[in-house]
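Note sheet for the following structure.
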Amino acid sequence: MTEKKKVITKTVNRSGKSLVKKALVVKTKTQSNITSENIKKMNEKVALEKIALDKKKSEINEIVDTKAMVAKEDKKYNLTIGLKDLLAAGSHLGHKISKTHPKALENVYTQKDGVQVFDLVKTLESLEKACNFIYNSKRNGKQIVLVGTKRQAREVVRRVAMEAGVPYVTDRWLGGTISNWDQIKKNVKKLTDLREGLEKGKFVDATKKELSQMNKEIARLEKIVGGLVGVDKFFDILFVVDAGFEKTAIKEAKLRNVKVVGIVDSDANPFKIDFAVPANDDSVKSVTLIVEEIGKAIKAAGVK
């Protein structure tokens, strides 16, 4: 009896790679157990996870919206000065016509003897908006820094800031105070450590030369970061006297989304800051009147 054998022929290329590749694919599919049912389950799982994620996002958005609504419940701050006070302080006097910035013209009422005269009604309205913004921001725990490094502003800014319990910069705006805040914090800590060390007698073994160097370093740090001692968090609002003079501080503030409030004379662009108060920033009386009103708004907030 003749035994019949079934011969199976397979086509293999010279290297035999096509057959090996096909076998690997079959083996991989078998091991991973990928079926249409498993794929369906996986899709359902992903869909459920997506629904849960969307729900979580919605809850977070509701919380954020609620907090925003609470923050928007602002109280009104009533100014303690009026048009007569601004007029008496000379706040209406701007710069010469030749030095006028084109975008400042909308705040100018008229020209007298070649000098721009501000519309004090607009000045008062702008000051009220600025004070209300600062007042409500302080109520919500925002950090406000007063900046006045020009000669006419130093003393009043320092005095008002200390009375209101807020940080200040009056001697020189150190480049990087905002953009390189981590380094500034190191300088503040260094100043604090040196002060405490001298007060508590930690340097009793130091030589006269070393003590002299320490005192010089303290004096140097006092000028650049002395008003920032005790700052517990990054700035939220910057108040500047003379937006044109403090352009470096304003530029850094814009890079870090810090709101800027300030006095803007007729030689500067009022649109470069968030809350511009068009007024004379060269008169000591004018600067004192406005800065003190800002200080009153901060103190009225009752948060230090």
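Some observations on this one:
- With 0.36 nm allotted per residue and the present C-alpha distance subtracted, the residue 112-residue 155 stretch has 12.4 nm of extension available.
- Links that overshoot a 28 Å alpha carbon limit, given the list 189/285; 99/142; 96/299; 122/254; 185/254; 112/138: 189/285; 99/142; 96/299; 112/138
- Each Lys or Arg adds one and each Asp or Glu subtracts one; over the other residues with Cβ under 11 Å from the Cβ of residue 119, this totals -1.
- Evaluated over segment 163-253, the Cα radius of gyration and Dmax, each in Å: 15.1, 48
- Förster-model FRET efficiency, 25 Å R0, residue 209 and residue 183, C-beta, rounded to 0.05: 0.35
- Net length gained if the chain between residue 52 and residue 198 were fully extended (0.36 nm per residue, minus Cα distance): 46.7 nm
- Calculated FRET value between residue 99 and residue 285, using beta carbons and R₀ = 25 Å, to 0.05: 0.75
- Length added when fully stretched, residue 80-residue 45, from 0.36 nm per residue minus Cα-Cα: 6.2 nm
- Mean Cβ count within 10 Å, highest first, over the residues of peptides 218-231, 39-52, 262-275, 123-136: 262-275, 123-136, 218-231, 39-52
- Once both labels are positioned 7 Å from their Cα atoms along Cα-to-Cβ, the gap between residue 119 and residue 254 label points is 2.5 nm.
- Of all aspartates and glutamates in the structure, the ones whose alpha carbon falls short of 15 Å from that of residue 251, not counting any fewer than 8 places away in one chain, are 236, 242, 274.
All of the numbers you see were taken from the coordinates with simple rules; none came from a lab. Computed from a predicted model, the values in this text were never measured in an experiment. A quick note on method: Cβ atoms are made from the backbone with ideal geometry, for glycine too, and the neighbour counts reach across all protein chains shown.
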